Each structure stands twice: as structure tokens, then as C-alpha cells.
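Enquirer: Quick one: the structure is below, and I'll ask about it shortly.
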Amino acid sequence: MVWDEIERGERMPALKWLLRALFALIGIVAMMWVIGLMPPRDHMATRMAHYQVPPDQVWAAITDIDAMPSWRIGLKSVTRSPDKNGLPAHTENTTAGKLTFETTEMIPPRRLVRGMASDLPFGGTWTFDIAPAQDGSTLRITENGYVTNPFFRFVARYFIGYTSEMNKFLTGLAQHFGQKPQIGD
């Protein structure tokens, strides 16, 4: 009987700490949810890089879907899908999962627009604008995106950032051309 009281007494503080930790975790998640409600659902972000190659080489690299896994950071493989409205579609197998994209505009070698076709709590389009420069070309990526889930919005806004994937894309492309990345706004 005494041993039962001692064991129960020793277990109670452990149970209290476990409950406190659980409530603290619930509080943190709830706070992230509330803070995630504050930023707007939609966002626009842009990044630009300079390459010492002509615009047609940049165009060739970003439109060669089959070759992208050889230079895109975090892209494991690509599976082509049937064209949509005469424009390419594909699924990317990334370190974050599988994402399906459809091309909605192609104006060689100046402009390419791709949009997510996956049913996820985030999405949008990337617009690639290529312009000639004095010693090569520039590539500007503009993301018009959305994040519906407030928890994901919190993580995207305050931890990952809206430009991280664009930075990886532009860096991988620079490495593909054997150059150091020159990325800016």
C-alpha cells in the first residue's frame, strides 16, 4: 500500500510535466495558426539573375523539361504529361514531393509562364522573363502564388520564404552554365 502511494506520487509529477508539454505544444501550434491568418493568402515575389550566355541558351535550358533534373537543385526526376492546349505539362518529383505543372504561355526566347496544376494548399504561377544584357542575358522569375492553409502560410512566410525555390532554380541554372550565381531583386 505504501509502495502504491509512493509510485503514484512519483508518477503524478511526470504526468503533470507531460501535460504541460502537451499544452505548450498545442499553444505553439495555435499561435502559429493565428499568426498565419495575418499575412494575405496571395503573394507576389520576384528574383532576377544575370548569365553570361545569350537569351536563346537560357530559353533552351528552362524549356528542356527532360534535362532539368541534371541541373535543378532538389529535382529528382520529371515525368512528361500530355500537352494542355498545345503547351507542355509535366510532373516534378522533388525532395518535397510530386508537383504537376502546366505551361500556359510560351513566347520564345523571351517569356514562359508555368502554373501548378496540383491540388495542394499552395500554388500559383512562375513567369520567366528573359532579356538580353550587355554581356549575356538576365532571367527574372515572378511568382504569383497563394497559400490557403494558415499553418503553411506561417511557415512559408517566416521560415522558408517566398523566394527560396526561385533562388535554388536560378543558382542551379548558373551552375549549369558553369557560372557563379548573380542573384538579386
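The values are calculated or read from the model by the stated rules, or taken from the named source; none is laboratory data. For clarity, every value in this text was computed on a predicted model and none was experimentally measured. For neighbour counting, all protein chains shown are included, and Cβ atoms are generated from backbone atoms with ideal geometry for every residue, glycine included. Quick note on the areas: whole protein, heavy atoms, side chains included, nothing else; ligands and nucleic acids left out. Shrake-Rupley method; radii C 1.70, N 1.55, O 1.52, S 1.80 Å.
Enquirer: Taking all protein chains as present, what is the carbon and sulfur share of the accessible area of region 104-185, in % to the nearest whole number, probe 1.4 Å?
Expert: 54
Enquirer: While we're looking at this one, here's another question. Note down the nm distance, to one decimal, between modelled labels 7 Å out along Cα→Cβ at Ser164 and at Leu19.
Expert: Spacing of the two 7 Å Cα→Cβ label points: 3.7 nm.
Enquirer: If the cut-off is 20 Å between C-alpha atoms, which aspartates and glutamates fall inside it for Lys16, apart from same-chain ones fewer than 8 positions away?
Expert: Of all the aspartates and glutamates, those that pass the test against Lys16 - Cα under 20 Å, at least 8 places apart if same chain - are Asp4, Glu5, Glu7.
Enquirer: Further, regarding this structure: With every protein chain present, what is the per residue accessible area of the chain (1.4 Å probe, Å²)?
Expert: Value for the chain: 60 Å² per residue.
Enquirer: Considering the values (1) 9, 29, 27, 14, 8, 6, 5, 2, 0; (2) 8, 26, 29, 23, 12, 3, 0; (3) 10, 39, 36, 14, 2, 0, which represents P(r) over Cα pairs in 10 Å bins from 0, in percent as calculated for the structure under consideration?
Expert: (1)
Enquirer: Can you tell me which lysines have their Cα less than 30 Å from the Cα of Lys168? Leave out same-chain residues fewer than eight positions away.
Expert: Within the straight-line limit of under 30 Å, Lys168 reaches these lysines: Lys76, Lys84, Lys98, Lys180.
Enquirer: On the full set of protein chains, 1.4 Å probe, figure out the accessible area of Val34 and give it in Å² to the nearest 10.
Expert: 80
Enquirer: Now, a different point. Tell me, what is the percent relative contact order of the chain, built from C-alpha pairs under 8 Å that lie six or more residues apart?
Expert: About 27 percent, as a whole number.
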